[in-house]
Amino acid sequence: MRATPDTPETRPLRLRTALYECALTTGTLFAVVTAARWTALPDSPLSSVLSTPESRLAAMALMVGAIVTTVLGPAMRRGTAGHLNPAVTLALWLLRVFPGRAVAPFVAAQLTGSLAGVALARLVWGEGASQIGYAALAPSPDWHTGAVFLAEAGCMTAIMLIVAIAIARPRLAARLPLLIGASVAAVIYFFGPLSGGGVNPARQLGPALLSGRTDLLWVYLAAPVVGAVLAAGISAALRPSASVRQAEPAATAAAPEDAAPVSR
């Protein structure tokens, strides 16, 4: 199948889609830092309710999962992506349901949105944002670098396998925002205290840079990408090419408006 021609008429559409992706990522990171601020600081109205570390972790997981689901739903209905995650964008390209020419603009938009969202949280919440380290992720002191890398990569592999299965089945594809939101919430709850539970380079870039906690930044940037690539490879190996072609209509919600048909 042929890709949409790269013409002066289609370039503004791709630019608008990338800007929309940047805005979505900005809003998501702002919401994540805001959620962390309201669950972690003692002056929060929620502090009397969330009195234990376990309750604060559960609340954070549920809020971030709800944020992801809320952002993805309208974006997918509009057919304007909403990946929010460079590793997801790369994996969808490897699964041949996202155009290669849109990968770099999307990744740039997501990483820019990560920085912009955290900067916006700093502007709005002031010291409240800095007191929580801008929601930067950190592993348990007992976990070494290799274990953190394997956990983050493994969680990303699991999430992308869920995505790959869903986009191949239209009935599941309609529930993809909820599936992804629930998966992210589960990763935060079970792996947050261990590896950090980020599974998204954009989730950590802005918080790490603004907080100065960059010692393991390379792990949080690279591990989700490795996991996404592994998931794409597993998916491609387990299903015939016909299944990939059947997945294209369901995946148009995860691609820019000018991205279909997909280049082979």
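The values are calculated or read from the model by the stated rules, or taken from the named source; none is laboratory data. Treat the numbers as computed from the prediction; the structure is a model and nothing was measured. Cβ placement follows ideal geometry from the backbone for every residue including glycine, while neighbour counts extend to all protein chains displayed.
To keep it simple, each residue is scored yes or no on (1) farther than 21 Å from residue 136 by Cβ; (2) of a type in the set (Val, Ile, Thr); (3) modelled with pLDDT of 95 or more.
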| position | (1), (2), (3) |
| --- | --- |
| 8 | yes, no, no |
| 29 | no, no, yes |
| 34 | no, yes, yes |
| 43 | no, no, no |
| 55 | yes, no, no |
| 69 | yes, yes, no |
| 76 | yes, no, no |
| 81 | yes, no, no |
| 85 | no, no, yes |
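Residues in the stretch 127-152 that are of a type in the set (S, T, N, Q) and outside any helix (DSSP H, G or I): how many?
First pass over the stretch 127-152, keeping only residues of a type in the set (S, T, N, Q): 130-131, 140, 145.
Okay, now just the ones that are also outside any helix (DSSP H, G or I), so 140.
Residues flagged as of a type in the set (S, T, N, Q) and outside any helix (DSSP H, G or I) within the stretch 127-152 amount to 1.
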* Examine the stretch 119-131 for a residue that is buried (at least 18 other Cβ atoms within 10 Å of the Cβ) and either free of Cβ contacts under 8 Å to residues at least 40 places away in the same chain or within 22 Å of residue 177 (Cβ to Cβ) (or both), and state whether such a residue exists. => no
* Asked: Among 171, 213, 203, which is the only one that is part of a helix (DSSP H, G or I), within 27 Å of residue 52 (Cβ to Cβ) and of a type in the set (Lys, Arg)?
  -> 203
* To do: Kindly list the number of the only condition in (1) free of Cβ contacts under 8 Å to residues at least 60 places away in the same chain; (2) buried (at least 18 other Cβ atoms within 10 Å of the Cβ); (3) closer than 21 Å to residue 112 by Cα that fails for residue 212.
  => (2)
* Test result for residue 187, surrounded by fewer than 21 Cβ atoms within 10 Å (Cβ to Cβ), assigned to a helix (DSSP H, G or I) and touching a residue at least 12 places away in the same chain (Cβ under 8 Å) -> no
* Asked: Are there any pairs, at least 6 apart or on different chains, whose C-beta atoms fall under 8 Å, with the first in the stretch 44-71 and closer than 23 Å to residue 175 by Cα and the second of a type in the set (S, T, N, Q) and at pLDDT below 95, and if so, which?
  -> 59/39; 60/39; 63/39
* Residue that is small (Gly, Ala, Ser), within 13 Å of residue 90 (Cα to Cα) and at pLDDT 95 or above, where the choices are 227, 206, 196 -> 227
* Does residue 14 count as surrounded by fewer than 21 Cβ atoms within 10 Å (Cβ to Cβ), assigned to a helix (DSSP H, G or I), charged (D, E, K, R) and in contact (Cβ under 8 Å) with a residue 60 or more places away in the chain? -> yes
